[in-house]
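Everything on this sheet refers to the single structure shown next.
The values are calculated or read from the model by the stated rules, or taken from the named source; none is laboratory data. What you are looking at is a predicted structure, and each value in this text was computed from that prediction instead of being measured. Counting neighbours? That spans all protein chains shown, and the Cβs are built from the backbone with ideal geometry, glycine included.
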Amino acid sequence: MAHMFVQDAEEILDKEFKILDHGFVRLVDYMGSDSRIVQSARVSYGPGTKTVRDDTRLINYLMKHGHTSPFEQVVLTFHVKMPIFVARQWARHRTARTNEISGRYSIMPADCYLPERLPLQSTDNKQGSSAESLPSELSAELVQRMADDQTRLYAHYQDLIDKGVSREIARINLPLALYTEMYWQIDLHNLFHFLKQRLDSHAQYEIRCYANVIADIVKKVAPIAWDAFEEHVLFAKTFSRSELEQMKKI
C-alpha cells in the first residue's frame with residue numbers, strides 16, 4: 001500500500017501556528033488520508049477503483065453508522081506548546097501517545113500564559129466561565145498581579161537551580177501558567193472525539209484555541225472525513241428513547 005501524499009498537508013508540514021501568547025501547534029507528520037480510510041474499509045480494492053463520489057459516500061456511511069476502525073488507519077503527529085493547565089486537560093484524552101518535556105531533565109523555559117480577559121465564574125456551570133468579564137481597569141490590575149507572581153516564582157526557581165538544588169525539586173513551585181511542550185500522536189477516530197469535546201462552547205477558552213487550529217489541520221489531511229465528521233457528529237444531535245417517544249406522539 002503506497003504512502004499517502006496530500007498536497008495541502010505537505011504545505012503546512014512543520015509550520016508553527018501561533019496560539020495564545022507563547023503557544024503553538026505544528027503538524028510534524030501524518031500517515032494516511034481519505035484514501036487510506038476507504039482502502040481499509042474496502043480492503044480488497046486498490047486505489048483508483050472508485051470515484052471521489054464513491055469515496056465520499058462511503059466515508060459518510062462509515063461516520064454515520066459508527067464504523068470507526070477505518071478512521072483509526074489515519075494517524076497524525078503534532079508538536080504542541082501549551083500552558084500546563086491546558087496540558088492537564090489534554091491528558092484526559094488517553095487514546096493518544098505523548099512525550100512531554102521533563103522538568104527533571106531540562107531547565108523549564110520562563111514563558112508563562114497571561115489571559116487577555118478575566119471572565120467571571122459561571123452561575124450555571126460549576127467548572128466553567130461566564131461570558132461576562134471583570135471591568136477592564138480591574139482586569140488589567142489583576143492580570144499585572146498575575147504577571148508579577150509568575151516573574152517572582154520563576155526567579156525563585158532559577159535561584160534554586162543556581163544554588164544546586166535538583167531540577168526535579170526546584171520545579172515544584174512553578175505555576176500552572178508555565179508553558180510545556182509535547183509530541184502528541186493520535187489516530188483520526190480518537191482525534192475526532194477530542195475535537196468534539198474541545199470545540200464545544202463549554203470547553204475552556206484556551207484549549208478551544210488549540211482545538212480550532214488542530215481542526216484546520218485535519219481539514220488539510222482528510223477533508224472528506226472532516227466534512228463527514230461535521231455532518232454526522234460535530235453539528236448533529238441525538239435523542240434519548242423518551243425524547244423519541246415524545247416526538248412520535250407529536
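Scan region 17-37 and report the pairs whose first residue is over 30 Å from Leu62 (Cβ atoms) and whose second residue is of a type in the set (A, V, I, L, M, F, W, C) and crowded, with 21+ Cβ neighbours inside 10 Å, with Cβ atoms within less than 7 Å and a gap of 6+ or a chain change.
Every condition considered, the pairs that remain are Ile19/Val25; Gly23/Met82.
Given the structure, is Ser240 polar (S, T, N, Q) and over 19 Å from the mean Cα position of the chain (by Cα)?
Yes; evaluated as a whole, the condition is true for this residue.
Would you point out which residue out of Leu191, Leu160 is farther than 30 Å from Thr68 by Cβ and either part of a helix (DSSP H, G or I) or not β-branched (Val, Ile, Thr) (or both)? Steps first, please.
Details: Leu191 fails: farther than 30 Å from Thr68 by Cβ.
Residue meeting the stated conditions: Leu160.
Conditions (1) at pLDDT below 95; (2) loosely packed, with under 15 Cβ neighbours inside 10 Å, marked per residue:
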residue	(1), (2)
Asp162	no, yes
Arg167	no, no
Leu174	no, no
Ala177	no, no
Glu181	no, no
Ile186	no, no
Leu191	no, no
Ser201	yes, yes
Tyr210	no, no
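For region 96-148, which residues satisfy the criterion of being polar (S, T, N, Q) and outside the structural domain of Leu76 (by TED's automatic domain parsing)?
Gln121, Ser122, Thr123, Asn125, Gln127, Ser129, Ser130, Ser133, Ser136, Ser139, Gln144, listed by residue number.
Given the options Ile224, Ile217, name the one that is within 14 Å of the chain's Cα centre (by Cα) and either in the same structural domain as Gln39 (by TED's automatic domain parsing) or acidic (Asp, Glu) (or both). Let's see the steps before the verdict.
Numbers: Ile224 fails: within 14 Å of the chain's Cα centre (by Cα).
Residue meeting the stated conditions: Ile217.
Select from region 63-86 the residues that are part of a strand (DSSP E or B) and among the hydrophobic types (A, V, I, L, M, F, W, C) and list them in ascending order.
Val75, Leu76, Phe78, Val80, Met82
Of the residues that sit in region 87-130 and are touching a Ser or Thr at 6+ places or on another chain (Cβ under 9 Å) and part of a helix (DSSP H, G or I), which one is farthest from Glu141 (Cα to Cα)?
In this case the residue turns out to be Trp90.
Could you please find all residues in region 86-119 being among the aliphatic types (A, V, I, L, M), in contact (Cβ under 8 Å) with a residue 60 or more places away in the chain and within 26 Å of His156 (Cβ to Cβ)?
Val86, Ala87, Ile101, Ile107, Met108, Leu114
Of these, Ile84, Ile59, which one is among the aliphatic types (A, V, I, L, M), farther than 30 Å from Ile169 by Cα and either modelled with pLDDT under 95 or crowded, with 16+ Cβ neighbours inside 10 Å (or both)?
Ile59
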